[in-house]
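What follows draws every value from the coordinates through simple rules; no lab data is involved. Just so you know, these numbers come straight off a predicted model, no measurement behind them. Note that each Cβ is placed from the backbone with ideal geometry, even for glycine, and that neighbours are counted across all protein chains shown.
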Amino acid sequence: MKHRRGFNPLARMSAHRKALHRNMVTSLFRHERVKTTKAKALEIRRSAEKLITRAKVDSVHNRRIVSSRLFDEGIVAKLFTDIAVRMKERPGGYTRILKLGRRYGDAAEVVILELVDYKLETGEDSGKNARKEKKNQAKAEKKAGGKK
């Protein structure tokens, strides 16, 4: 039974676990998307959501608390100025977990932990759109040139 178990220790010593949380949350805020195991994602999600909730109210006290958990000042600034502003109207649930399947080596469940408003940008779409625009411009010029 899982009574009175506050968190998953992830089979690590406390210093290692704290460093893992710090690094994973920093990576999540930097890239807005992280690929990891399900157990880690569930624990990192708790830490990340608490920090985003703190960052929604921009005060010196909240900045100091978040800075004590994240050591990268650039990420702290991004959290308060960019991520928290986007999540202002949302009452919670800032992250999503997408299942990818099992890892080949040890059959661990692999997931993607991402912020809810993450938009996947692919280079293919912009290249296709650019080619379509060029074709349309060429047709328009040809049509305009033929009428004169």
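Here are a few things to note about the model shown:
- Listed pairs Lys88/Lys119; Lys2/Lys99; Lys78/Lys134; Lys35/Lys134; Lys56/Lys119; Lys2/Lys119 exceeding 27 Å between Cα atoms: Lys78/Lys134; Lys35/Lys134; Lys2/Lys119
- Angle between the chain longest axis and helix 38-55 axis [Cα atoms, degrees, rounded to 10]: 80 degrees
- For Thr95, the amide hydrogen comes within under 5 Å of the amide hydrogens of Val116, counting only partners 5 or more places away or on other chains and with H modelled in the peptide plane.
- Karplus-derived 3J(HN,Hα), 6.51/-1.76/1.60, for each residue of the stretch 16-25, Hz, glycine and proline x: 5, 5, 5, 5, 4, 4, 4, 5, 5, 5
- Calculated P(r) of the stretch 14-118 - Cα pairs past 20 Å, %: 37 percent
- Available extension along the chain between Ile97 and Asp72 is 6.6 nm, counting 0.36 nm per residue and deducting the alpha carbon span.
- A Förster radius of 41 Å combined with the Cβ-Cβ distance from Val57 to Met1 puts the calculated FRET efficiency at roughly 0.60.
- Relative packing of peptides 64-71, 132-139 - highest average C-beta neighbours within 10 Å first: 64-71, 132-139
- Using only side-chain charges placed at the Cβ, +1 for Lys and Arg and -1 for Asp and Glu, the dipole size of the chain relative to its Cα centre rounds to 380 debye.
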